[in-house]
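This report concerns only the one structure given below.
The values are calculated or read from the model by the stated rules, or taken from the named source; none is laboratory data. A quick note: this is a predicted structure, and the numbers were derived from the prediction, not measured. Cβ atoms come from the backbone with ideal geometry, glycine included; neighbour counts cover every protein chain shown. Heavy atoms of the whole protein, side chains included, go into the accessibility calculation; ligands, DNA and RNA do not. Shrake-Rupley method; radii C 1.70, N 1.55, O 1.52, S 1.80 Å.
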Amino acid sequence: MIALAPLWLTLKLALSTTLILFIIAVPIANWLSGDKGFFKIIVQAIVSMPLVLPPTVIGFYLLIAFSPAYFFGHWLEERLDVRLVFSFSGLLIASVIYSFPFMVHPIQSGLSSLSPSLKEAAFSLGKTRWQTLIQVLLPNIKPSLLTGIVLTFAHTVGEFGVVLMIGGNMPGKTRTASIAIYDEVEAFHYYNANVYAGILLALSFVILLVLYSFNRKMQQTKFY
């Protein structure tokens, strides 16, 4: 009999990460899609770094940053009574950082593909930049929004290195499904590992199936 806690914790982490990243990524992607300065290149490089860095590298530096033995972690614990290492909060922050490009890039790509005249028309009607983004631009990039949401959720579900470095392996607190699979394999409990892996495999397949079905439907609607 497998424990359900790692699965629920994984879903909680994935949903929380996706929601936070959507709120953060939309204005950043909007700025990146319009700005043409050199600073944009620097920001794009920072946003994209989790794509090329090993998860353990990100996890290690976050572990150092959040550790009470170092300045920032010590300040958090001393001033705010907050300890991020080996906690769900630390796990969430690490997941947001690690999955950042998976939300920003699809939205940025969608916004960049829109005609500039769409934004100009909204401005001519008296809409502010924020109203234009929310009421005009985002409704026209629904496939890109869904792609960002789905990729972020699926990527968070499969995280291992980062969550292990920051959260450790605390049952009911930081032990996600991917870590549970590793533990079961280490203990030679292949049946339990297979159940966890099968659930994540099925969940990932369903998520991608919904994404591709929605995008196909949107393409057919535009065509007709």
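Taking 30 Å as R0, compute the FRET efficiency from the Cβ-Cβ separation of residue 209 and residue 112 and round it to 0.05. List each step's numbers first, then the result.
Details: r = 27 Å, r/R0 = 0.90.
Efficiency, rounded to the nearest 0.05: 0.65.
Mean-square fluctuations from a GNM of the chain, with a 10 angstrom spring cutoff on Cα atoms, peak among 92, 201, 13 at 201.
Give me the dipole magnitude in Debye, nearest 20, for the chain about the Cα centre, with unit charges on the beta carbon: positive for Lys and Arg, negative for Asp and Glu.
Details: 14 positive and 9 negative charges, 188 e Å.
Dipole of the chain, to the nearest 20 debye: 900 debye.
Considering the chain as a Gaussian network with a 10 Å cut-off on Cα pairs, which listed residue, 86, 66, 188, attains the greatest mean-square fluctuation? Result: 188 has the largest fluctuation of those listed. Of the residues 69, 47, 95, the one whose Cα sits farthest towards the positive end of the charge dipole of the chain is 47 (charges of +1 on Lys and Arg Cβ, -1 on Asp and Glu Cβ, taken about the Cα centre). Geometric descriptor of segment 102-221, per residue, is 126 Å³ (volume of the convex hull of the Cα atoms). Label sites at residue 218 and residue 191, each approximated as a point 7 angstrom past Cα along Cα to Cβ, lie 4.4 nm apart.
Could you give the accessible area per residue of segment 1-90, probe 1.4 Å, as a whole number in Å²?
On the way: 5540 Å² over 90 residues.
Dividing the accessible area of segment 1-90 by its residue count gives 62 Å².
Springs between alpha-carbon atoms under 10 Å, Gaussian network over the chain: tell me which of 211, 51, 11 tops the mean-square fluctuations. It is 51. Say the dipole of the chain comes from +1 at the beta carbon of Lys and Arg and -1 at that of Asp and Glu; which of 16, 28, 113 then lies farthest toward its positive end? Of the options given, the answer is 113. Any chance you could give the angle, 0 to 90 degrees and rounded to 10, that helix 190-223 forms with the longest Cα principal axis of the chain? That helix lies at roughly 0 degrees to the long axis.
Considering only protein heavy atoms and a probe of 1.4 Å, how much of the accessible area of segment 95-179 is carbon and sulfur, as a whole percent?
Details: 2290 of 3640 Å².
Taking all protein chains in place, segment 95-179 shows 63 percent carbon and sulfur surface.
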